[in-house]
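One structure is given here, and the rest of the page talks about it.
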Amino acid sequence: MTSVAHQKLQTGSRAAVIFKDLVSRPSGSIGLSLVIFHVGLALISPLVVPFDYKLQNSALMLSQPNAIHWLGSDHLGRDVFSRTLMGGREALLVTGVATPLAVIWGGFVGIMFGLVGGRVDEVLMRIVDAFLSLPWILKMLVLIVTFGTGIEVLIPTLAFFYGIPVIRIARAATHDVIARDFVWAAKARGHGRVSIIWRELLPNVLDTLMVEGAMRWSWMLLAFSSLSFLGFGVSPPTPDWGLMISDARGFMSFAPWGVIGPVIALSSLIIGINLTADALAKALGIDRAQKAPM
Amino acid sequence: MSKQPFISVKDLSVGYNSRSGSTIEVLRNVSLDINRGESIGLVGESGSGKSTLALAAMGYFKRGLRALAGSAHFDEIDVLALNRDELQKIRGGRLALIPQNSGQSLTPTMRIGQQINEALQLHSKVNARQFQSRVIELLAQVRLPDPTALITRYPHELSGGQQQRVAIAMALAGEPDALLLDEPTTGLDVTTQAHILELLRELAQKRNMAMLYVSHDLGAISRVCDRVVVMYAGEIVLTGTARQVLLAPRHPYAHGLLTSIPRLNQTSLPLALDGRPPMPGEAINGCAFADRCALVDEKCRTTPPDLHPIPSGENVRCFKSDMISDMPALNVKAGQRNSARPDAESAALGLESLAISYEKKDWLSSLLTPGATPRPATVDAINIKIQRGETLGLVGESGSGKSTILKAIAGLISPREGVLTLHDDIILTPRVEDRPAPTLRQIQLIFQNPDDSLNPRHTVAQILAQPLRLYYSLSGSALHDASADLLERVRLGAHYLDRLPSQLSGGEKQRVAIARAFAAEPEIVLCDEVTSALDVSVQAAVLDLLDELKTQQGTTYIFVSHDLAVVKAISDRVAVLYQGRLCEIGPADAVYKAPFHPYTDVLLGAVLEPDPDIAPILSADDVVELSPPARGCCFQRRCPRKLGDICDHETPPVRELADGHVIRCHVPASDL
Ligand SMILES: Nc1ncnc2c1ncn2[C@@H]1O[C@H](COP(=O)(O)OP(=O)(O)OP(=O)(O)O)[C@@H](O)[C@H]1O
Ligand code: SF4
Ligand code: SF4
Ligand SMILES: [Mg+2]
């Protein structure tokens, strides 16, 4: 059966077509709603939170959820609901900047490796592989311990480490595309190298990179929260889900409400991103089956 | 109750739900019976539903498809009622499927023996201790050489034909009662294909299996099938014995399909079957074939014909099955090749002692193994002069270096030795980057698979704009007009400009690729298997188009193909290659007539004609050689006429027989 038979002729720009396809899938619409909800919340939460996230009230230490403090309060008597609403701001800011940076540098280097090819490419990829085989948390801890925490360290660190697996993906995608006949056809016509990269290669590799970027984002969020959990991410009293979970962990047995809010918030965001990435891959027609996490 | 046929499909309709919620039928009311020991061929254009029917017969549906009505039974088991596990038990066991490219879908990291072992574990009752001997037995059954040694090999260490044999051996592991084959030989070389088909034929007879053979290749069908079922737009339009359907088809579509096949005894282009089939879901009031039918009348457009028996025994879905004799006869001089004769005076392109090697001069390995003699070049000693306006056909099996030569001409690989000349006086620089713009424009390349040669992210307008911008700096409305004009010339229209390749059919894609090449107004067009990925009816139309463009512009073609009949239909002169060496070259008529080079003889013998009376002659093995021999004749390892030592040690002389007919063989021409 030809693909034509199934496909109605599409109208409008490709972006519009893909967006339509994306939201027409249940995973796409649910995922995208979750992501938009979280991003929106991060933007407006300072204006809507019922309580000041820093406000400590020793009288309310670890009090149960009630009509005023919907999710109870933490060990310092701060309102957990307000802190949960605000707890994603830092994470979204850091990963929102670091993800595009990672995709850009990793993508650029990967495409270069793919274009160079041959022995050089092989040797360089061995180095990348060796690097990837180290546990990521170890690599990041070394850097953060050396240079300190704070956004100005976290963003480049995350962008650097999460760009490395992107190299692999971009290189593989480049290899796939440059072996195809339309690239040979462009060469045979006598198009210059830049024109071939720009017109023939990039549009095809970008699809893969977009999906990869969405994936990296969710892994990066998890990594960021883990760093906070370990005490290397956001510094108190700024609210952050990872940090909140870490703080409330000790009181889990008798005050479990401290972790419920941040856990739901963090997982719903990560699930949202993953669902979106999945639907995006399908809308773009990319097989994402064998892409493993870092 | 009378016993049902072994495989029985009754009034089956299959469809899917479109995005808009309506149900779209892909198969309508199809019935098919197959008895044990019988083999049925299922033919039709791509999209006609042949694979869907074959899969449905074993209770399998591609994602999204489902049975809407009807039934399918296998040995009286209702396969549509079985659940997944129960189906799994039957499939691969009693009912085996050999899909297209199944040879290539072997697990690359697993040894052959292991893979067959696994199939045995899953599908046979053989005792685990006897696996080893059973594996060897199976490999011997598909006539693979030296099975004991073979089991330790990996798939990539086998040739395409051998891989396909392993896939067949795996399918036989469960001792199936029925075999379902979906294009099992498509993509294989002519010689390999002929061997595999003979094997299947024998196996089916020996094991008394029911066989359903899906293919668009009527030549293959004619070898293995007793009965043939022709499908069109999701319906059966003709069933009959192979002889009835292939020699005297009683349906206009089957007739058209057969006339569109180029044949060895023809010297002209086959007749094209114009138009395209209706898409699933498209409203059809009368006969689905009405828009393309030469016999159509008012009744056909308003009343759908039934599938009904006719006196000679076939079942036909047509009102005018008794009028087929009014259509042009099969198998005779049909379409006319109208292109002008080549101009013998002026050369378009010269290849002088061309040698090409993929082996890189690697400083590391030359350091490690100093003095190692380089392996023989992939392509060697090619001397051909191509006249202006001539079509040179280049034939040979896969790996014979046909594409390599084209790439060298296009400047995509640098030859190791030799000179390429344009118009006798311009020497082509080896690398495309060094060629001046006017030379670049003169030579254009069209590839085999338009899916691969058109950037999936570019619209037709963008695709055509590339050469128009590059060579003629067109932009704005001039660009649009030139693109629209090109589309008209390849018989598409300006309304195709905004489409993406995924929104075109295979034939349309190839037309766009042709338009892109002709945008440069080239003098020489290199065609690499340009019709191999297309249906026969579409192939005829594309050949016709190429011929028309050539007549208009006096273009010179180098036409590469593994299909000898296609090459004969379009070429003025034909060169036969084996392992990158020229075996024979000459005017098309002379090459296809005795005296033959032994290799040409083998190739021609293996051609499958859509005629049950013409059996292929298998005079040489179908082993695939990975590299040419270092000395002597390139064909020495497979040659059925080999003389002995002289063939092993001495390069055969270039012997010219008559005007331009050259054969390179030690056997004197009078004996060939
Ligand atoms: N990039 C490459 N590197 C090394 N060897 C190659 C390369 N491309 C082709 N070859 C080898 O060169 C030989 C000729 O290949 P070529 O593609 O020219 O054959 P062909 O006649 O076009 O075959 P087909 O009918 O399968 O297209 C083969 O042995 C092939 O394995
Ligand atoms: S029914 Fe009419 S249109 Fe259909 S195939 Fe027969 S003659 Fe042609
Ligand atoms: S030279 Fe010898 S091996 Fe080669 S084709 Fe002739 S007979 Fe066969
Ligand atoms: Mg080829």
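The values are calculated or read from the model by the stated rules, or taken from the named source; none is laboratory data. This one's a predicted model, so the numbers in the text were calculated from it and none came from an experiment. Note: ideal-geometry Cβ built from the backbone for every residue, glycine included; neighbour counts use all protein chains shown. These area figures cover heavy atoms from the full protein model, side chains too; ligands, DNA and RNA do not enter into them. Shrake-Rupley method; radii C 1.70, N 1.55, O 1.52, S 1.80 Å.
Taking region B:501-513 as the search range and keeping residues that are within 12 Å of B:V460 (Cβ to Cβ) and assigned to a helix (DSSP H, G or I), which one is nearest to ligand 2 (Cβ to nearest atom)? Checking each candidate, the answer is B:E508. Looking across region B:1-32, the residues that are open to solvent by less than 60 Å² (accessible area, probe 1.4 Å), away from chain A (no Cβ under 14 Å) and outside any loop (DSSP other than H, G, I, E, B) come down to B:I7, B:S8, B:V9, B:L12, B:S13, B:R28, B:V30, B:S31, B:L32. Taking first residues from region B:466-480 that are more than 10 Å from chain A (Cβ to nearest Cβ) and partners that are modelled with pLDDT of 90 or more and open to solvent by 80 Å² or more (accessible area, probe 1.4 Å), the Cβ contacts under 8 Å between residues at least 6 apart in sequence or on separate chains come to B:S475/B:R469; B:L479/B:R469. Go through region B:385-419 and give me each residue that's aliphatic (A, V, I, L, M) and within 13 Å of ligand 1 (Cβ to nearest atom). Result: B:L394, B:V395, B:I405, B:L406, B:A408, B:I409, B:A410, B:L412, B:I413.
For region B:144-156, give me each residue that is over 19 Å from B:Q104 (Cβ atoms), in a loop (DSSP other than H, G, I, E, B) and touching a helix residue (DSSP H, G or I) at 6+ places or on another chain (Cβ under 6 Å). Correct list: B:I151 only. Would you mention how many residues in region B:619-660 are open to solvent by 30 Å² or more (accessible area, probe 1.4 Å), within 10 Å of ligand 3 (Cβ to nearest atom) and of a type in the set (G, A, S)? Of the residues in region B:619-660, 0 are open to solvent by 30 Å² or more (accessible area, probe 1.4 Å), within 10 Å of ligand 3 (Cβ to nearest atom) and of a type in the set (G, A, S).
Taken over region B:67-84, the residue count meeting the criterion of being in a helix (DSSP H, G or I) and at pLDDT 80 or above is 0. Residues in region B:442-461 that are part of a helix (DSSP H, G or I) and more than 8 Å from chain A (Cβ to nearest Cβ): 5 in all.
Every test in (1) farther than 27 Å from B:T152 by Cβ; (2) away from chain A (no Cβ under 14 Å); (3) out of contact with any strand residue (DSSP E or B) (no Cβ under 6 Å at 6 or more places or on another chain); (4) hydrophobic (A, V, I, L, M, F, W, C) is passed by B:L55 save one, and that test is (2). Every test in (1) farther than 23 Å from A:P203 by Cα; (2) open to solvent by less than 60 Å² (accessible area, probe 1.4 Å); (3) within 8 Å of chain A (Cβ to nearest Cβ) is passed by B:A437 save one, and that test is (2). Apart from one condition, B:G396 fits all of (1) buried (at least 19 other Cβ atoms within 10 Å of the Cβ); (2) more than 16 Å from ligand 3 (Cβ to nearest atom); (3) not hydroxyl-bearing (S, T, Y); the exception is (2). Scanning region B:407-434 for residues that are over 15 Å from B:S353 (Cα atoms), within 10 Å of another protein chain (Cβ to nearest Cβ) and surrounded by 18 or more Cβ atoms within 10 Å (Cβ to Cβ) turns up B:K407, B:A410, B:G411, B:L412, B:V432.
Here A:I68, A:I44, A:I104, A:I137 are screened, and the one residue that is open to solvent by 80 Å² or more (accessible area, probe 1.4 Å) and within 17 Å of the chain's Cα centre (by Cα) is A:I104. When region B:558-611 is limited to residues that are of a type in the set (S, T, N, Q) and more than 16 Å from ligand 4 (Cβ to nearest atom), the one that is nearest to the other protein chains (Cβ to nearest Cβ) turns out to be B:S571. Scanning region A:258-287 for residues that are of a type in the set (D, E, K, R) and assigned to a helix (DSSP H, G or I) yields A:D278, A:K282. Residues in region B:661-672 that are open to solvent by less than 70 Å² (accessible area, probe 1.4 Å) and modelled with pLDDT under 85 were compared, and the one that is farthest from ligand 3 (Cβ to nearest atom) is B:A669. List the residue pairs whose Cβ atoms are under 6 Å apart, where the first residue sits in region A:203-219 and is within 14 Å of chain B (Cβ to nearest Cβ) and open to solvent by less than 30 Å² (accessible area, probe 1.4 Å), the second is assigned to a helix (DSSP H, G or I) and hydrophobic (A, V, I, L, M, F, W, C), and the two are 6 or more positions apart or on different chains. Final answer for the pair search is A:N204/A:V177; A:V205/A:A173; A:D207/A:L284; A:T208/A:A173; A:L209/A:V103. Scan region B:477-498 and give yes if some residue there is at positive phi and under 28 Å from the mean Cα position of the chain (by Cα), otherwise no. Looking through region B:477-498, at least one residue is at positive phi and under 28 Å from the mean Cα position of the chain (by Cα). The single condition from (1) open to solvent by less than 20 Å² (accessible area, probe 1.4 Å); (2) over 30 Å from B:G632 (Cα atoms) that B:L500 fails is (1). Counting residues in region A:77-88 that are modelled with pLDDT under 90 and under 14 Å from the mean Cα position of the chain (by Cα) gives one or more. Among residues of region B:407-423 that are among the acidic types (D, E), those with a beta-carbon under 7 Å from a residue that is part of a strand (DSSP E or B) and open to solvent by less than 30 Å² (accessible area, probe 1.4 Å) at least six positions away or on a different chain give the pairs B:E417/B:A355. Comparison of B:R223, B:R227 shows that the only residue that is among the charged types (D, E, K, R), modelled with pLDDT of 85 or more and surrounded by 24 or more Cβ atoms within 10 Å (Cβ to Cβ) is B:R223. Considering only region B:535-546, I want to know if a residue exists there that is at pLDDT 90 or above, small (G, A, S) and at negative phi. Looking for residues that are at pLDDT 90 or above, small (G, A, S) and at negative phi, one finds none in region B:535-546, hence no. Within region B:523-536, one or more residues are in contact (Cβ under 8 Å) with a residue 24 or more places away in the chain and assigned to a helix (DSSP H, G or I).
The rows are residues; the columns are (1) open to solvent by less than 40 Å² (accessible area, probe 1.4 Å); (2) within 16 Å of ligand 1 (Cβ to nearest atom).
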{"position": "B:D544", "(1), (2)": "no, no"}
{"position": "B:L549", "(1), (2)": "yes, no"}
{"position": "B:D572", "(1), (2)": "yes, no"}
{"position": "B:E584", "(1), (2)": "yes, yes"}
{"position": "B:Y592", "(1), (2)": "yes, no"}
{"position": "B:P598", "(1), (2)": "yes, no"}
{"position": "B:L603", "(1), (2)": "yes, yes"}
{"position": "B:D611", "(1), (2)": "yes, no"}
